[in-house]
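Inspection log for the structure reproduced underneath, given as structure tokens.
The values are calculated or read from the model by the stated rules, or taken from the named source; none is laboratory data. As the structure is a computational prediction, the values presented were derived from the model and not from experiment. Virtual Cβ from ideal backbone geometry, glycine too; neighbours counted across all protein chains shown.
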């Protein structure tokens, strides 16, 4: 049975949950837009393509990749190179490849499972290997085969030589690199003058010699010492060498994929390189690049060497003991994060900000929000970006501009846009600290951007950026996975050695990071200042969110890592968990039906439970003191925070939040509609142990209320009246109010040329405490109208159709495609 048929039958045995997980890992049904998949046969064909297999490889760990590469090398040893080999100009690593390369039948290149398991010592190592093979089968990276046999997808066979550090075969390299004269020259060097009359005869002689390991070893035995040194370097791999031994037939600077090469006149200047090239042991592979043929490396490698794939990452060594109570510091950071985010979004709700035409939020608006929330500008930008991605805030256009006539229509101004709280905000604002932090953490996990990283010092950071860092989630996932491997009681050191180790382990956990770190095609880690900066920014964000403390994962950090491992990032711009009911506990209230994705539902629930168990119960009482301060230990409950913020201003934060109450802040509460009796009564209710308010506080509230409203703005266009004639005279001559052009029309009445709203603002700025009065004589309470944005992030099923127009007949999500396939075959 061929591999496609076997895979088709296996796919038919999967339930909808397992099939959905496989399709999401391979990024289906996006691929179905170009190849409509309606049957398991078509799905099997797609899963065997190189692009699909490469995507699956990058979703695992480097340990799984290493195991597959070792199995591919075993198949290469048992069955020889794939006929046709790899493309001449093709990339050397599977994640770089995007097109089919060669027709390979995996069923004809099977290896015995017992031979693979024999690489591992009985016990824990053997069990790890068995578990890894089971995972690879579940992900269709090991294909269905007869019992006791292992079958690999075609791509792994095609790339087997490159996996094991081998080069391409001599025949392919000779054909690609030389014309007839150079091939004949090599044959004459090996076999004497006149050994071959044609190119084909010469190439057959050369490849025949290289295919015989004994003859290769005998030839190398007579090589000069410098050539032996080069071989010692090239034989283990990688098989590439920078050299000036060859020149392009078409010019010094031309080395395209169809270029042919000549031996450089006078040689390269290196005796060993010239000796190897003259005998076909080094063959040109590009401009100033030579490659060791497969046959040579295989002949010179030690026989009987047993592969030893590393299925677990090397332990981190740059560690230090964790201090006592370190996890509590993570809880404190999480509580502070929840509180700070609340203050930023509360300031946004009170006064939405405009969005620039160039995108983002103006620096002055960010500074205003930061000042009102008592946060830094950097943190404020982070909270705004997370809120937008979590669906707690969204851009909203103003009312459309009226249509222009004639030629002016196309020049009509576009509607302005503002950032407003969304319809989710009000429920979120009433939630406890754990419920507030949940959607923000869920968004942070999957957003494809390191939001606080700005590599260009000349670029001004702005909030509300468009996420476009394809590797941010891989870096975040790799970092959290690597930190999860730390021994109990140890944390990572924050020094260059610690960062270097963490990057290496993160790349082991997420192999796509090798593309960021490898510059020479070998997959080896090299320096990268930008990547190090992104790593440090990621760790700083994680520490601020309470996910990492002293270089170790907190309980919440482990739960968030589980959310990423459950595939949450597959669905961005949808954010699993962002719409969860903040007040709901347990399996209900996840905000979206995740029954088709039990692993994802369990991960969201685990994150919520970790937050509720980590964050303390919000405080509902405050301690009032004679110095007009109110202190709340821990995180204040939403109602308490709203009350104290209405009547006071936050003075300090930390393990406790302190509000300062003043005559100005009391006037602000009175302006918002509170009465003195209501303020005293509500503050007494929230006082610790029901103790009465200190006399200085009660006096401040009552004295401020006594003078509040003495000056009244009459709703006309526009009158100011007061029973205090002296006050009216004072206001009439105040220099700061000259712009109102006040005119005294009676001992108790002034008129203003400005509208009531401007007059109120000017009077308050000048230090007075006016109220607004209707025509009937009743007081009008100034209330800011509540505005909410209508737009919300897409659901999980909607998210996958945002990349392009939906194709008729193509399911919109992996879940829908799995359901369609199961239903059709059922």
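Worth a mention:
- Condition check for residue 400: outside any helix (DSSP H, G or I) and either under 25 Å from the mean Cα position of the chain (by Cα) or at pLDDT 90 or above (or both): no
- Subset of the range 689-721 that is surrounded by 14 or more Cβ atoms within 10 Å (Cβ to Cβ) and within 50 Å of the chain's Cα centre (by Cα) - its residue that is nearest to residue 756 (Cα to Cα): 701
- Taken over the range 442-457, the residue count meeting the criterion of being under 24 Å from residue 369 (Cβ atoms) and part of a loop (DSSP other than H, G, I, E, B) is 9.
- Cβ pairs under 6 Å, 6+ apart, first in the range 598-626 and under 12 Å from residue 432 (Cα atoms), second loosely packed, with under 15 Cβ neighbours inside 10 Å: 619/633
- Of all the listed residues (343, 316), the sole one being over 26 Å from residue 459 (Cβ atoms), in contact with a strand residue (DSSP E or B) (Cβ under 9 Å, 6 or more places away or on another chain) and in a loop (DSSP other than H, G, I, E, B) is 316.
- Matching residues in the range 627-659 - criterion: being at pLDDT 90 or above and loosely packed, with under 15 Cβ neighbours inside 10 Å: 627
- The residues of the range 177-212 that are touching a helix residue (DSSP H, G or I) at 6+ places or on another chain (Cβ under 7 Å) and farther than 16 Å from residue 283 by Cβ, listed by number, are 191, 195, 196.
- The range 461-476: number of residues that are over 21 Å from residue 514 (Cα atoms) and at pLDDT below 85: 1
- Residue check for residue 292: in contact with a helix residue (DSSP H, G or I) (Cβ under 6 Å, 6 or more places away or on another chain), closer than 19 Å to residue 172 by Cβ and surrounded by 17 or more Cβ atoms within 10 Å (Cβ to Cβ): yes
- Residue, nearest to residue 566 (Cα to Cα), within the range 473-492, restricted to residues that are outside any helix (DSSP H, G or I) and touching a residue at least 40 places away in the same chain (Cβ under 8 Å): 484
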